[in-house]
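Structure first, commentary second.
Derivation of every value follows stated rules applied to the coordinates shown; laboratory data play no part. These figures come from a predicted structure and were not determined experimentally. Backbone-built Cβ (ideal geometry, glycine too); neighbour counts: all protein chains shown.
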Amino acid sequence: MHYKQLFELRIIHEYYRDRVCSDFSLEPTSQCQKILSGHRLIVKNQVNGIVIIAPVDSESKLWIELAENLQFSFILKLKNKEFIDFTEIDWKPVDNVIYQFNNKNHSNIEVSDLEITQTKLSDRKLPRGQNIFGIVDIYNRSSISQILHQASEYKINFQAKKQQWHYYLLTDSETNGDEFLIKDKDTSRKTEIKFTRFTSAQAEKTDPIFSLLKQQFPQTQQYLFISDSEIACQEAGIKNIQLLKKKNSESSNSTVWIEHLPNPPNYNGIQVINVLKYL
């Protein structure tokens, strides 16, 4: 008996450098497990998904034919709690809501991005409290061939969360705001990351975090820098965002005080920089 790949399910995320998302585990539902066993199908786990292997004859035809509209269902469980912090998605497990990925409206497509909708745990008769993020439904239809010359491939695609970056700068009380600047010094970037600087008088009126820092550190001077555009979270981090300083009394160019500013945390996009130690 020979085996060939029936279909593959991969989870892709643009946050990761190689786009391989290993933040989930996949396991068949009890009903799906019966279907797999009944058709002698084998599930092979991969780093970011699964592969279903099927027995075939010498002409690559399935030993056990798949019924029309046969449904394979897999429970998608979240392993990485930080996934929500860097993903463009609105997940509220407390509301008993999960995501549903499927190829129901696809036909005769060998490579397919699964559609995403929402459903409830109770509607799919799934238990609470098991980190269930969603359920994946792969329908046989005509997208899975009975003769396995080429396996079907299904993908779940996640986008990286985008947000404005906020840098809060703490300096000594004598510092003039014109002395500091945040610049993107990476000339290879397609689009320069630009920041707008707000003085204490400007930020205190509208920014609650700025006001809080002013109360906590009354002896310091605070400045707020906000990126002009939203920045996508990425695994590798973004380098060459520099903090520059120049005294107003000097005609020389600005000097680099911090060569690579730390990227703000993914969950809020906020970073406090205390430069008192550099002064």
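Structure shown: which of 162/190; 34/79; 4/120; 81/183; 44/120 lie over 23 Å apart, alpha-carbon to alpha-carbon? Could the numbers behind the result be given before it?
Values: 162/190 17 Å; 34/79 25 Å; 4/120 35 Å; 81/183 32 Å; 44/120 28 Å.
Pairs exceeding the cut-off: 34/79; 4/120; 81/183; 44/120.
Ranking request for peptides 132-140, 186-194: highest mean number of other beta-carbon atoms within 10 Å first, then the rest in descending order.
Values: 132-140: 21.3, 186-194: 9.8.
Going by the mean number of other Cβ atoms within 10 Å, highest first, we get 132-140, 186-194.
Counting helices only, and only those DSSP H runs with n ≥ 4, report the 222 nm mean residue ellipticity of the chain as the sum of -39,500 (n - 2.57) divided by its residues, in deg cm²/dmol to the nearest 500. Walk me through the intermediate numbers first.
Values: 3 runs with 25 residues, N = 279.
That calculation yields -2500 deg cm²/dmol at 222 nm.
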Ranking request for peptides 40-49, 212-221: highest mean number of other beta-carbon atoms within 10 Å first, then the rest in descending order. 40-49, 212-221
Residue 82: net charge of surrounding residues, Cβ under 13 Å, Lys/Arg +1, Asp/Glu -1, itself excluded? 0
Difference of contour (0.36 nm per residue) and Cα-Cα distance, residue 96 to residue 164: 21.5 nm
Simple spin-label model, 7 Å along Cα-to-Cβ: residue 1 to residue 125 in nm? 2.8
Rounding to the nearest 20 debye, state how big the charge dipole of the chain is about its Cα centre with +1 on each Lys and Arg Cβ and -1 on each Asp and Glu Cβ. 400
Please name whichever of 241, 216, 254 sits farthest to the positive end of the charge dipole of segment 189-259, dipole taken about the Cα centre and charges placed at Cβ: Lys and Arg +1, Asp and Glu -1. 254
Need the C-alpha centroid separation for segment 22-95 versus segment 187-219, integer Å. 46
Distances over 22 Å make up what percent of all Cα-Cα pairs in segment 2-158? 41
Measuring from its Cα centre, segment 2-158 shows a charge dipole (+1 at each Lys and Arg Cβ, -1 at each Asp and Glu Cβ) which, in debye to the nearest 20, is 500
Let me check against my output: what whole-number percent is the relative contact order of segment 185-279, with C-alpha pairs under 8 Å and at least 6 apart? 22
So, relative contact order of the chain in percent, Cα under 8 Å, 6 or more apart, is 20
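Give the shape of segment 162-278 as rounded, prolate or oblate, defined through the alpha-carbon gyration tensor: a ≥ b ≥ c are the square roots of its eigenvalues, a/c under 1.5 means rounded, and otherwise the shape is prolate if a/b is larger than b/c and oblate if not. Let's see the in-between values first.
Numbers: a/c = 1.87, a/b = 1.18, b/c = 1.59.
Oblate is the answer for segment 162-278, as a/c is 1.5 or above yet b/c matches or exceeds a/b.
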By the C-alpha gyration tensor axes a ≥ b ≥ c (rounded if a/c is under 1.5, else prolate when a/b exceeds b/c, else oblate), the shape of the chain is prolate
